[in-house]
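**Student:** Sharing a structure with you now.
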Amino acid sequence: MKASDLFVRALEAEGVEYIFGIPGEENLDLLESLRDSSIKLVLTRHEQGAGFMAATYGRLTGKVGVCLATLGPGATNLVTPAAYAQLGAMPMLMITGQKPIKTSKQGRFQVVDVVDMMRPITKYTTQIVSGERIPSVIRESFRIAAEERPGATHIEIPEDIARETTTVPLLKPSQTRRPVAEEKAVEGAKTMIEQATSPLLLIGAGANRKLTAKMLRRLVDHTGIPFVTTQMGKGVLNESDPLFVGNTALSDGDFVHKAIERADLIINVGHDVVEKPPFFMHHDNQKVIHINFESAAVDPVYFPQLEVVGDIANSVWQINERLTPQDHWKRDFYKDVHDAYVKHRNESDNDDRFPVLPERLVNEVRAVMPDDGVVTLDNGVYKIWFARNYPAYGPNTLLLDNALASMGAGLPSAMAAKLVYPDKPVMAVCGDGGFMMNSQEIETAVRLNLHVVVLILRDDAYGMIKWKQAHMEFDNFGLDYGNPDFVEYANSYGASGHRVTAIDELGPLMRECLQTPGVHVIDCPVDYSQNDKTLNQDIRKLSERL
């Protein structure tokens, strides 16, 4: 059998549905092998878009997303998606081509050491030097990418190896079970929780697994312990729950941090220090229980007193089975925080200023999206507003990146989400800066006949950095730019372009686009001028009253 055929069969054996990417001449044998495969090739317009799509596929399904690029510049364009998947714990395999390694007539043309380049930002990277190694290398790549903590892997297949003939058989995927936490750690957690006065549950990205969400729901229902979420933990539990106290979109100074300060015990489930700190630990009487697949990475703001290391769902189940709810637990203050947060969140409904303020825009999006609709965010200051003000009613209904926090991922993530959930409404929310970094994928979305809505928040500047610039009391400099006419730009790709000219148009327009098949791009002017005052001053003052 030709080695490239064996490679594709090994991918099929792993259950691969899609390969996202751009082939080059070094991939042509592999491309020919894919032609008669059950795997669908999703041809993108940039390797970065392909990588973001593969990573998001992995994030949503728990299966390994696969992307493809050629050597040299094709491979280097996957560096950002590799870091995106690695830091964000998204299982992904990157496949890149290479010049022949036995004989080559092109010298070092386009050749960089891709394996070495990928080593710091992947869990596993290797070059295939023999067709007989294909089954074991692919099996190892998938195993490592998917096991906790998930992340990125990489295989380089030179074109002369792809043309080899081999007779080696495929390897079947192995069945594995995650290790469970040690009994004394579980018993210690149970004792600490029962002895606490005001326990508080913190839910992070690592808890975003179906069984873990189920076990956490049981824990909250059984104990009545209030909960908060990190940005990437949103939706693990329904945030319309009255026990939901808020999201740690800011690292301090918000309503939710008053609850965190009042807690004498934080039960930290699934958060690690890769994500921006949801709170700062201090050397006082507050204790933290770390419940995760891996032991804690201790740093100056995170040093838990107890670690329960093992399968998270099993750990939560074991603790819940032993726990007895305590009459001495205090919850009234948490309710006060919840009520103040909800009241503040809803106040923006009456703000009719245009260009629209981000907090009003978030509420408008929440009003038109169904409970199971998926919103994917690019990276910008609006991400803080969505994390803080957009209640997520289910897992993976608000996708944001708070690990690498890369711009350019919002649109490709929405496209991947639509492939995974063809029957769910999907909306990408992008700043104009992030949108333009991968806006060419609009053509891919049109070609795939996807029904996605892209909401562009246009302020003609890099708004997140302007907010920081203003907070540091620097003059406005170096962050403003021009934009194309987004309506005409969308139309030129065969999508439908729309423009918002008044606040009362936004909701009806979004609803119409969500109901009308096709790719829709909405240009919505947004006003970030109040961000520094609102986020850094007003919210802090209001929270101090609690």
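No lab work stands behind these numbers, since they all come straight from the coordinates. What you are looking at is a predicted structure, and each value in this text was computed from that prediction instead of being measured. In this analysis, Cβ positions are derived from the backbone assuming ideal geometry, glycine residues included, and neighbour counts consider all displayed protein chains.
**Student:** Find how many whole Å separate the alpha carbon centroid of the range 190-213 from the alpha carbon centroid of the range 443-486.
**Tutor:** Measuring centre to centre over Cα atoms gives 37 Å.
**Student:** Per-residue counts of other Cβ atoms within 10 Å, averaged by peptide: what ranking do you get for 54-65, 114-125, 233-244, highest first?
**Tutor:** Details: 54-65: 25.3, 114-125: 18.5, 233-244: 20.8.
Ranking the peptides 54-65, 114-125, 233-244 by packing returns 54-65, 233-244, 114-125.
**Student:** Could you give the distance between the Cα centres of the range 227-269 and the range 302-324, to the whole Å?
**Tutor:** Using only Cα atoms to place each centre, the spacing works out to 18 Å.
**Student:** Would you kindly calculate the translational diffusion coefficient of the range 356-454, applying Stokes-Einstein with the Kirkwood radius from alpha carbon pairs, for 20 °C and a viscosity of 1.002 mPa s, and quote it in µm² s⁻¹ without decimals? Walk me through the intermediate numbers first.
**Tutor:** Working: Rh = 13.5 Å.
The estimated diffusion coefficient comes to 159 µm²/s.
**Student:** For Cα pairs less than 8 Å apart in space and 6+ apart in sequence, what is the mean separation divided by the residue count of the range 3-162, i.e. the relative contact order in percent?
**Tutor:** Details: 352 pairs, mean separation 42.0, N = 160.
With pairs under 8 Å counted, the relative contact order is 26 percent.
**Student:** In terms of the Cα gyration tensor, with a ≥ b ≥ c the square roots of its eigenvalues, is the range 436-546 rounded because a/c is under 1.5, prolate because a/b exceeds b/c, or oblate?
**Tutor:** Numbers: a/c = 2.78, a/b = 1.78, b/c = 1.56.
Prolate.
**Student:** Over the Cα atoms of the range 202-330, Rg to Rh with Kirkwood Rh, two decimal places?
**Tutor:** Details: Rg = 13.5 Å, Rh = 14.7 Å.
Using only Cα positions, Rg/Rh for the range 202-330 is 0.92.
**Student:** Output the Kirkwood hydrodynamic radius of the range 1-119, Cα pairs only, in Å rounded to one decimal.
**Tutor:** Values: mean 1/r = 0.0689 Å⁻¹.
Hydrodynamic radius (Kirkwood, Cα pairs) of the range 1-119 is 14.5 Å.
**Student:** With just the Cα atoms of the range 351-537, tell me how far they stretch along each of the three principal axes, in Å, largest first.
**Tutor:** Largest first, the range 351-537 extends 47, 35, 35 Å along its Cα principal axes.
**Student:** Would you mind putting 90-96, 171-177, 79-85 in packing order, based on average other-beta-carbon counts within 10 Å, highest first?
**Tutor:** Working: 90-96: 29.0, 171-177: 9.6, 79-85: 26.0.
Peptide ranking by packing, descending: 90-96, 79-85, 171-177.
**Student:** Determine the relative contact order of the range 351-537: mean sequence separation of Cα pairs under 8 Å and six or more apart, normalised by residue count, in whole percent.
**Tutor:** Working: 345 pairs, mean separation 48.4, N = 187.
Over the range 351-537, the number comes to 26 percent.
**Student:** Can you give the % of DSSP beta bridges in the chain that are antiparallel, to the nearest 5? Write down the numbers at each step before the final one.
**Tutor:** On the way: 3 of 69 bridges.
Roughly 5 percent of the DSSP beta bridges within the chain come out antiparallel.
**Student:** Okay, next question. Taking semi-axes √(5λ) of the Cα gyration tensor in Å as the quantity of interest, determine which of [x] 43, 28, 21; [y] 38, 27, 24; [z] 40, 31, 19 was computed from the displayed structure.
**Tutor:** So the calculated entry is the one marked [z].
**Student:** For a distance above 17 Å, tell me the whole-number percent of Cα pairs in the range 5-63 that qualify. The partial results should precede the final answer.
**Tutor:** Values: 679 of 1711 pairs.
In whole percent, the share of Cα-Cα pairs in the range 5-63 beyond 17 Å is 40.
**Student:** Another one. Can you flag which of LYS210/LYS424; LYS214/LYS383; LYS40/LYS418; LYS335/LYS468; LYS343/LYS533 are past 22 Å Cα-Cα?
**Tutor:** Values: LYS210/LYS424 18 Å; LYS214/LYS383 27 Å; LYS40/LYS418 15 Å; LYS335/LYS468 32 Å; LYS343/LYS533 19 Å.
Too far apart for the 22 Å limit: LYS214/LYS383; LYS335/LYS468.
**Student:** Okay, next question. In whole Hz, with x marking every Gly and Pro, tabulate ³J(HN,Hα) for the range 505-521 from phi via Karplus 6.51 cos²θ - 1.76 cosθ + 1.60, θ = phi - 60°.
**Tutor:** Rounded to whole hertz, the list is 8, 4, x, x, 5, 4, 5, 4, 5, 5, 8, 10, x, x, 9, 10, 10.
**Student:** Something else: Between the range 398-418 and the range 59-99, what's the alpha-carbon centroid distance in Å?
**Tutor:** Between the Cα centres of the range 398-418 and the range 59-99 lies a distance of 14 Å.
**Student:** Moving on. Which percent, to the nearest 5, of DSSP beta bridges fully inside the range 183-331 are antiparallel?
**Tutor:** On the way: 1 of 21 bridges.
Expressed as a percentage, antiparallel bridges in the range 183-331 total about 5.
**Student:** Given only helices, namely DSSP H runs of n ≥ 4 each adding -39500 (n - 2.57), what is the per-residue ellipticity at 222 nm of the chain, to the nearest 500 deg cm²/dmol?
**Tutor:** Per the formula, -11000 deg cm²/dmol.
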